[in-house]
Amino acid sequence: MQLGVLFAPDPDCICYTRKSRELFGQNCMHHTATQQTQQDIVSIRGLTKRYAGKVPVDAVRGIDLSVERGELFGLLGPNGAGKSTTIGVCTTRTLPTAGTVTIAGLDVVRTPAMARRRMGVVPQYNTLDRQCTVWENIYFHCRYFGYTSTTANRRAQELLEMFRLSERAKSPVRELSGGLAQRVQIARAIAHQPEILFLDEPSAGLDPQSRLALWDSIRQLIRQGITVVLTTHYMEEADALCNRVAIIDHGVILISGTPEELKRSVGAQKVIHLHLGSENNPQLQPRLTALAGIKAVEPGKDGVRIFVDSLDGLLPKIIEIAGPHLKDVSIAETTLETVFIKLTGRDLRE
Amino acid sequence: MSDLVLYARAFWGLLIRDTVVLRREFIAFAVRTVMNPLMFVFVFTYLFPKMGQAFQNSHGTSFGTLILPGLIAVAIFVQGIMGVALPLSFEIGVSREIEDRVMSPLPVSLVAIEKIVFSALQSLVAALVVFPLIFFIPATPVEVHVDSWLVLIASVLLASLASGAVGLTIGTIVKPQHITLMFGIVVVPITFFGCVYYPWAALHVIPWLQMLVLINPLVYMSEGLRTALTPGTPHMPAWATLGALFLCVVLLGYTGVRGFLNRVLS
Ligand SMILES: Nc1ncnc2c1ncn2[C@@H]1O[C@H](COP(=O)(O)OP(=O)(O)O)[C@@H](O)[C@H]1O
Ligand SMILES: [Mg+2]
């Protein structure tokens, strides 16, 4: 892939033509990136969202978040946590109940149209224009963003090449597979050269191969200086891809930091899960906690979770204490999943 | 100022997109526009007179003359339903693809207004396509006489915009799974009680019905065109039809835009 040319100062780039410089003025990212590096590109303050209805839903309850330029930021949380709602407010589609969100300094409620010019958005579901071909989707998107016919055409060609979609240029979008449709959506989202790209659950429903390809393109975009905010409920994805992660649950940010910081916060290297079935031994937890080398013991789904730094010599003792009801033992390195479990007592997948 | 230029460019982009899509579906557009008036005119103003069963009213105007404005009004009206309400209901409720246009850099209300404007353009084309059919096919003479071009142009423009506003309102209110129901409950009565096949004045025989149909926008489209094209037939005064159509555009346009905002923003 040749994403390398995407935001490089190359004379063919659209922002170097006189017309588009007039059009984009200060907003062209190539010319403003350096001036604005100090400012957070996304700033969320006290965001609350209550969906009105017979039973009102408090989807987001007081979120504060900042994303710096150049970051690959992940919003990690289970289904229904409030990820899409948060992204919805950032991308001007959802109106906040309270709080403010600014994108590149522009308030999304007071100046939504202007804010939209600075961001690219790939929502959770396919929003490609089904009446149009792949090429037309990108071409018309450019037209909406004020490109002339010639520049829109050039930009569409350029993006189709970058995303290896040239052969599909004339395909109707309804015939595309999930992975390809996703690629077209990303190509279209960055067509107007936004400074920030929002991706809501970009890898949901993708096969493993397409997911890896997606991660690749996201990393390339970051290398070109575009900021990416994505949501996911796959902790591996957040861990492997993001420089900074915020864990969200029930509309609240539980913790945020680099994946390493979050994992360190657990204070243990490994988690041992004892599956005990329905048997409940009240003695178990205090006896385990008393063992040297055990950092914490917590009740789990069908047994207990034991946090340790190393397994050295511990396992036989643990198994002895667990007694005859022990059905299974699983041991895992600390992951973002562990962080989530530690904070909520639940599994991300539950 | 520069904001307005950007909005205008985005708006123009939306119009271009709709034009390209319409051009691709021109056959479908032509069929849905032409078939109804073509069949109607052929059967009632060509076949029937040949069979010696021509309708004629007491003033001696031919049925062809009487329904020409009505059929043009229906052609204009149908575009709002077929060209806006139907696709919009689907794009909002099922495919959610309207979202890419909602994310365009212009106020969302302008995305809705673009739908009205484009629908009005479709209605104008439809009126031009249908006119020669209704004029030339009938076996009995059709008397068209334009007293005031201003009234004609204003009537056609306002009728077209009103039809787009009706389409936008229906498209944002009716869920896609209820669209067929909507045809039966809304569209069919609107056309049959839209003073298409008879002038409004003739309804005086049933006074309550004559009053009731006044809530129907199609009445003013038909009567407005009657005033403009066939002043020899009974018709409402121009100020009444133009005023009512203007009100339709404002009220239904406002309702439609509000409905659109409610549906696409949460
Ligand atoms: N348009 C809506 N109307 C009412 N409730 C909603 C709406 N969208 C989301 N919700 C509710 O808000 C909560 C958060 O949803 P969402 O932000 O979509 O979570 P996530 O993207 O993390 O899965 C859920 O309980 C969901 O049911
Ligand atoms: Mg979601």
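Using each residue's phi in the stretch A:323-332, evaluate 6.51 cos²θ - 1.76 cosθ + 1.60 at θ = phi - 60° and report the 3J(HN,Hα) Karplus result to the nearest Hz, with x for Gly and Pro.
x, x, 7, 4, 9, 7, 10, 10, 10, 9
List every residue whose amide H lies under 5 Å from the amide H of A:V252, counting only residues 5 or more places away in sequence or on a different chain, with H placed 1.01 Å from N in the peptide plane.
A:R61
5 Å is the cut-off here: which amide hydrogens, built 1.01 Å from N in the peptide plane, fall below it relative to A:L95, excluding neighbours closer than 5 in sequence?
Sorted by chain and number, the residues that satisfy this are B:S266.
For B:V144 paired with A:T150, estimate the spin-label separation in nm (one decimal), with each label point 7 Å from Cα along the Cα-to-Cβ line.
4.3 nm
How much net charge surrounds A:I44 when only other residues with a Cβ under 12 Å from its Cβ are counted (Lys, Arg +1; Asp, Glu -1)?
Once positives and negatives cancel, what remains is -1.
Provide the solvent-accessible area of B:F246, counting protein heavy atoms only and rolling a 1.4 Å probe, rounded to the nearest 10 Å².
120 Å²
Want the number for A:D328 to A:Q224: 0.36 nm per residue separation, take away the alpha-carbon distance, what's left?
That pair, A:D328 and A:Q224, stretches by 32.7 nm at full extension.
Counting only residues 5 or more places away or on other chains, whose amide H sits under 5 Å from the amide H of A:V304 once H atoms are built in the peptide plane?
For A:V304, whose amide H was placed from the backbone, the distant partners under 5 Å are A:L274, A:L276.
Order these peptides, A:180-189, B:159-168, B:177-186, by their mean beta-carbon neighbour count within 10 angstrom, highest first.
Highest mean packing first, the order is B:159-168, A:180-189, B:177-186.
So if we plug the beta-carbon distance of B:R258 and A:D312 into 1/(1 + (r/R0)^6) with R0 = 60 Å, what FRET efficiency do we get, rounded to 0.05? Can you show the working numbers first?
Working: r = 68 Å, r/R0 = 1.13.
For B:R258 and A:D312, the calculated efficiency is 0.30.
Using only Cα atoms, tell me the angle between helix A:134-144 and the longest principal axis of chain A; keep it within 0 to 90° and round to the nearest 10.
So the helix axis and the longest Cα principal axis differ by about 70 degrees.
With r defined as the distance between the Cβ atoms of A:D302 and A:E260 and R0 fixed at 30 Å, what FRET efficiency is calculated, to the nearest 0.05? Please report the intermediate quantities before stating the final value.
Details: r = 30 Å, r/R0 = 1.02.
With a Förster radius of 30 Å, E is 0.50.
If I take every Cα pair under 8 Å that is 6 or more residues apart in the stretch A:167-243, average their sequence separation and divide by the length, what percent do I get for the relative contact order? Walk me through the numbers before you get to the answer.
Numbers: 51 pairs, mean separation 25.4, N = 77.
RCO, the stretch A:167-243: 33 percent.
Relative contact order, percent, of chain A when contacts are C-alpha pairs under 8 Å separated by at least 6 residues?
Reported as a whole number, the value is 18 percent.
Which order do the peptides A:227-234, B:70-77, B:95-102, B:234-241 come out in when sorted by mean C-beta neighbours inside 10 angstrom, highest first?
For the peptides A:227-234, B:70-77, B:95-102, B:234-241, the packing ranking is B:70-77, A:227-234, B:95-102, B:234-241.
Against the longest alpha carbon principal axis of chain B, how many degrees, from 0 to 90 and to the nearest 10, is the axis of helix B:149-173 turned?
50 degrees
Taking only Cα atoms, what is the 0 to 90° angle, nearest 10, from helix B:63-79's long axis to the longest principal axis of chain B?
Approximately 10 degrees, to the nearest ten.
Which ³J(HN,Hα) values in Hz, rounded to whole numbers, follow from the phi angles of the stretch A:294-302 under the Karplus curve 6.51 cos²θ - 1.76 cosθ + 1.60, where θ = phi - 60° and Gly and Pro get x?
Values, residue by residue: 9, 7, 7, 10, 9, x, x, 4, 10 Hz.
Please give me the summed charge of the neighbours of A:M114: other residues whose Cβ is under 10 Å from its Cβ, Lys and Arg +1, Asp and Glu -1.
Once all neighbours under 10 Å are counted, the net charge is +2.
So which lysines can B:K115 reach, going by Cα to Cα under 29 Å and dropping same-chain residues fewer than 8 places off?
A:K19, A:K170, B:K175
Any idea of B:H204's accessible area? Nearest 10 Å², probe 1.4 Å.
120 Å²
Can you give me the distance in nm between label points at A:D216 and B:F192, each placed 7 Å from the Cα along the Cα-to-Cβ direction?
If labels sit at A:D216 and B:F192, their model points lie 6.3 nm apart.
Please list B:M211, A:M119, A:M114 in order of solvent-accessible area, largest first, computed with a 1.4 Å probe with all protein chains present.
On the way: B:M211 115, A:M119 5, A:M114 30 Å².
Putting B:M211, A:M119, A:M114 in descending order of accessible area: B:M211, A:M114, A:M119.
Between B:V43 and B:R23, what is the label-point separation in nm under the 7 Å Cα-to-beta-carbon projection?
Taking the simple label geometry, B:R23 and B:V43 are separated by 3.6 nm.
Rounded to the nearest 500, what is the protein assembly as shown's calculated 222 nm mean residue ellipticity when only DSSP H runs of at least 4 contribute -39500 (n - 2.57) each, over all residues?
Counting only the DSSP helices, I get -15000 deg cm²/dmol.
The values are calculated or read from the model by the stated rules, or taken from the named source; none is laboratory data. These numbers were taken from a predicted model, which means no experiment stands behind them. When we count neighbours, we look across all protein chains shown, and the Cβ atoms used for this are built from the backbone with ideal geometry, even at glycine. Surface areas here come from the heavy atoms of the whole protein model, side chains and all, with no ligands, DNA or RNA. Shrake-Rupley method; radii C 1.70, N 1.55, O 1.52, S 1.80 Å.
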